[in-house]
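Participant: Pasting a structure here, questions to come.
Every read-out reported here was derived from the displayed coordinates using simple, explicitly stated rules and does not represent laboratory data. Please read these numbers as outputs of a predicted model, since none were measured by experiment. For neighbour counting, all protein chains shown are included, and Cβ atoms are generated from backbone atoms with ideal geometry for every residue, glycine included.
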Amino acid sequence: MNTDKFPVSLIGLPYLMGSRGPNLGYQMAQGPRVLLAPEKAPAAMQEFFSDVETVMIEDADEPNIAFTGGDYRLLPVGDQMSRVLVQNIRLAQEVKGARERGRIPIACVGACSAALGMVGGVGETEGEIGMIWLDAHGDAQTPDTSENGFIEGMPVTTIAGKCWPRYRRKIPGFREIDESRIITIGLSEMFTPTARRSAKDALGTLVHKPVIEELGFEEALTRALDNLASKCGKVFIHFDTDVLDPTVLRANTHAANGGLTDEQCKTAFRLIGERFEILAVSFASYDPVVDERGPQVLVPLLVAAARAAAEGLARQGSSS
């Protein structure tokens, strides 16, 4: 299927915990720069797409007058949650802008909280949308259930409308995605001997070890996707790179044994693209210091996601 005519926007958000710098050993803020270096994902995309642009968001370090109107009490400078919000607002703007120009947004982000901005960027599309979340963790805590208040443990619950209501609605275009339209895939930490208490927290239809062992990965995912397809025809995909098994790639220090293979992830993108319009895809939390294999493993997955999105659009065009 010819997908060359569909332009792709590669969008980088090189921040973690609101900061560009190393965070006590974490280097995930550098992941987008590594993956979106000209010779990495952009070069690989150009083998399949004639129009590929790369946008690195560099202007979201702190709130400024554009976000506060000059009243810094609204978003305190120096506050982590203020920075995270500003970064999500900028990401939403870039994703929306790409879509308005008919482009496929594929984002590389430092942290899973950037999914809030991704949802904002696609939120103005018509009709109900779903979310497909691939991750070693459910990211489904709330301020009431979290033991440490870490926002990175709450993006799925925030998107599902279970916490941070006023905060999330400051992101332009943001709208909640009901739990009935969420699929969570992976959750490998849940089944490890050292699983944290929060590892059991997850939302939506779960495609994880018990279901995969019973049905096989492709059948388990097919059933979940067919069920979702009865509720919506458009999805946002979030891919936390630690969903991969560490034998394939130890994406960060939170990776857990029992994850997916890269081939299973390519299958997932294909199956999703056969059923849905893929509005945007984010790839999160790759730490290049932990495992240097990241580009050779992840760049083909970025390409697979973009091709799945383009092939879905091509099918829509041929049937209209």
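Participant: Measure out, as a whole number of angstrom, how far apart the alpha-carbon centroids of the range 237-264 and the range 24-55 sit.
Facilitator: Distance between centres, Cα-based: 18 Å.
Participant: About the Cα centre of the range 136-233, how large is the charge dipole given +1 on each Lys and Arg Cβ and -1 on each Asp and Glu Cβ? Please answer in debye to the nearest 20.
Facilitator: 540 debye
Participant: Give, as a single signed number, the net charge of other residues whose beta carbon lies under 14 Å from the beta carbon of L36, with Lys and Arg counted +1 and Asp and Glu -1.
Facilitator: Charge balance near L36 sits at -2.
Participant: Follow-up. Using a Gaussian network model of the chain whose springs link C-alpha atoms within less than 10 Å, name the residue from A98, A37, A305 with the highest mean-square fluctuation.
Facilitator: A37
Participant: Something else: Expressed in nm to one decimal, what extension gain is obtained for the pair A66 and S146 from 0.36 nm per residue of sequence separation less their Cα-Cα distance?
Facilitator: Stretched fully, the A66-S146 segment lengthens by 25.6 nm.
Participant: With the chain treated as a Gaussian network of Cα nodes joined by springs under 10 Å, which of G70, G173, G18 yields the largest mean-square fluctuation?
Facilitator: Of the options given, G70 has the highest mean-square fluctuation.
Participant: Also, I was wondering about something else. Sort the chain into rounded, prolate or oblate with this rule: let a ≥ b ≥ c be the square roots of the eigenvalues of the Cα gyration tensor; rounded if a/c is under 1.5, and if a/c is not under 1.5, prolate when a/b is larger than b/c, oblate otherwise.
Facilitator: Since a/c stays below 1.5, the shape of the chain is classed as rounded.
Participant: Shifting gears a bit: Estimate the FRET efficiency between M81 and V289 by the formula 1/(1 + (r/R0)^6), using the beta-carbon distance for r and 30 Å for R0, to the nearest 0.05.
Facilitator: The pair M81/V289 has a calculated efficiency of 0.70.
Participant: What net charge do the residues around A98 carry, taking every other residue with its C-beta under 14 Å from that of A98, with Lys and Arg at +1 and Asp and Glu at -1?
Facilitator: For residues surrounding A98, the net value is 0.
Participant: Mind putting a number on the dipole of the range 182-274 about its Cα centre? Charges go on the C-beta only, +1 for Lys and Arg and -1 for Asp and Glu, and I need it in Debye to the nearest 20.
Facilitator: 320 debye
Participant: Using each residue's phi in the range 17-33, evaluate 6.51 cos²θ - 1.76 cosθ + 1.60 at θ = phi - 60° and report the 3J(HN,Hα) Karplus result to the nearest Hz, with x for Gly and Pro.
Facilitator: With coefficients 6.51, -1.76 and 1.60, one gets 6, x, 10, 7, x, x, 10, 6, x, 7, 10, 5, 5, 7, x, x, 5 Hz.
Participant: For the chain, set up a Gaussian network in which alpha carbons nearer than 10 Å are linked by springs, and say which option among N257, N64, N88 fluctuates the most.
Facilitator: N64
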